[in-house]
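First up is the structure itself, then whatever we jot down about it.
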Amino acid sequence: MTVPTVRRPAAPAARGARVEARGFGWHHPGRETAALRDLDLVVEPGERVLLLGPSGAGKSTLLHALAGVLHDDDGQSGSGELLLDGTLPARARGRAGLVQQDPESQVVLSRIGDDTAFGLENLAVPHEQIWPRVRAALDAVGLDLPLDHSTAALSGGQKQRLALAGAVAMSPGLLLLDEPTANLDPAGVRQVRDAVVSCLDRSGATLVVVEHRVAVWAEVVDRVVVLGRDGGITHDGPPGRMLGAAVEELSRAGVWVPGRVPATREPARASAGPAGCPAAGPSATGRPGADREPLLSTAGLGVSRSQPSARQLRARRRERRRDRPVDDAVTGRDLPTAVAGVELGLRPGRALALIGPNGAGKSTLALTVAGLLAPVRGTVRAHPLLDRGAGPDPLEWSGRELVARIGTVFQEPEHQFLRATVRAELEHGPRLAGTPAAERERRTDELLHRLRLAHLADANPFTLSGGEKRRLSVATVLATDPDVLVLDEPTFGQDALTWAELVDLLVELIDAGTSVLVVTHDEDFVRALGAEVLALGRAPEVGGAARAAPPAVPAASAPPAASTAPVPPIVPADPAASTAPTVPAARTVPTAPAASAVAAAPAVPARRESVR
């Protein structure tokens, strides 16, 4: 790959911070091996560095050390020396701004304006300067929402933009970014990257960014530094040379090299039968074949982050028993919806990908289908082969019943960690599901090996790197062997090798009859799974508190027979059909005649095509 020479405007009087590491190392308490060791590195003021390396190489640890948030209370964790402008990072207050790998962990206040202003207030910035800087930072990262908008109502990608806005607003001398675009849609990736570059051009700040999307940053950095699995530097040089001469070595090390996608197991459905359909009949695991009815299906589904109260849910049950309609306000059906009119089916041995811009309702839809959120309108129904006597509504299942049938990986891995060690975490779900001890141990050992976590079996889950936490969160769900998997951004934080291993494992499960629903912005991942696609529409443009959302548009899907005719535009439904503001669901693009979604009138059918 040829990377053009970076040409940018001359920076203002250099106020970038200087970084110097001399034999620096860090050992997290309770871990057998050091995260970093013998690190020698100098980053000059104003330099822009892309920090690469395999998952678990210590990239996030280095950023946290530079931000001054690592503490060596007993004198046993740190070694060597790490300096920021000649002083210890912990003493250089306000000199570094850090955007962490998990944006959820950086949200501290309930409104986005206050959250963005938090760092400025702590640095005692004059009040008259705070709000202009807050608004400028939010505009720069594309978070076009009222300042009093609730941070709890943001999607994962929007929280990522909020975290970046908070760092940019402080105008730090050293900007530290830990996978700042990982949960963003493609347009958001470019917008955030350009916002960072614009900030650096104005301030002359130094940049150290960790990112698996190498191509996004290769054209705007001066230097690429690669950490090895032992925590030391293996490569250091300009992007053109590093992504040219060293490309083979970097690929073998698990670094994502632009234009290279790791080879993975081919889904059986991709090479079977006409139109990619697998052979009919039961799978090897006894699960129904892909020609059968969906394990989970929705009808007229409307979902929302705002949830009905317990009283409203009881009113719905009474309504069903008496078969008599009840006022929407009583049942909570008047709540604002994120997506409306969704008609989909999750078939055994198939994968369905939810794609779309940040804030379109992908995670909310996935959690509702998984039985973890209550629908505002419509229904989610389980096939008798899935419910196995638990009842047709997953929302009514107990935790023990749910974990053995539907496994869910949350967008934030920490939200599902319950135990003190990685091994205990993997054994928790199977124990809850009543799996025999010998089988629990077999599954745990296999997942530790397959997902490259064996060396961390006795580690605390909260001390793992972001990529390791993500793999553990996926493994905890796989350990219960559910019939349906719901995965929210499962490839976040993965190097090329662990990404390929995760794909291979999921393809094996799909071929064995598991149904998979995945929320993702990773197009390579969608292709590798051979997934059908449901693309949700754009979120409403909310630039002020009084700005109205567009009318509801039901989810559209393809009819049973494939079509290559031109696709007419999606048209809005009658605004009178829904009184709640709604984010429209756009189109379904399945890859085979047995579609994972069923048409919902008056939606306009979408073209059937594969993700190329």
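Laid out as a table, the results:
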read-out: L395 accessible area, assembled protein chains, probe 1.4 Å, Å²; value: 50 Å²
read-out: Interchain or long-range residues, amide H under 5 Å from R347's placed H; value: L295
read-out: Centre separation in Å (Cα based) which lies between segment 312-338 and segment 191-246; value: 53 Å
read-out: Over segment 116-158: Rg over Rh, Cα atoms, Kirkwood Rh; value: 0.99
read-out: Derived scalar couplings ³J(HN,Hα) [segment 53-64; Karplus, 6.51 cos²θ - 1.76 cosθ + 1.60; whole Hz; x for Gly, Pro]; value: x, x, 4, x, 7, x, 5, 5, 4, 5, 5, 5
read-out: Radius 11 Å from Cβ of K362, net charge of other residues (Lys, Arg +1; Asp, Glu -1); value: -3
read-out: Nearest-10 value in Å² for the accessible area of H235, using the 1.4 Å probe; value: 30 Å²
read-out: Rounded if a/c under 1.5, otherwise prolate or oblate - segment 342-436, Cα gyration tensor axes; value: oblate
read-out: For segment 388-509: Kirkwood Rh in Å [reciprocal of mean 1/r, alpha carbons]; value: 14.5 Å
read-out: Cα gyration tensor shape for segment 169-221, rounded if a/c is under 1.5, else prolate or oblate; value: prolate
read-out: Cut-off under 5 Å, modelled amide H: who pairs with V339 long-range; value: V303, V583
read-out: Centre separation in Å (Cα based) which lies between segment 454-512 and segment 142-159; value: 28 Å
read-out: Amide hydrogen neighbours beyond the local backbone of W256, cut-off 5 Å, H modeled; value: A496
read-out: Solvent accessible area, Å² - F410, 1.4 Å probe, full protein context; value: 60 Å²
read-out: Descending semi-axes in Å of segment 33-122, equivalent ellipsoid built from Cα gyration tensor; value: 25, 16, 15
read-out: Average silhouette area of segment 152-253, convex hull of alpha-carbon atoms, in square nanometres; value: 7.6 nm²
read-out: Global geometry of segment 462-542, whether rounded, prolate or oblate, following the gyration tensor of its Cα atoms and the 1.5 cut on a/c; value: oblate
read-out: Largest-first ordering by accessible area, 1.4 Å probe, given options T87, T480; value: T87, T480
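The values are calculated or read from the model by the stated rules, or taken from the named source; none is laboratory data. Since the structure is predicted, the reported quantities are computational estimates derived from the model, not experimental observations. Because the Cβ atoms are built from the backbone with ideal geometry, glycine has one as well, and the counts that use them run over all protein chains shown. Please note that ligands, DNA and RNA were not included when accessible areas were found on the heavy atoms of the full protein model with its side chains. Shrake-Rupley method; radii C 1.70, N 1.55, O 1.52, S 1.80 Å.
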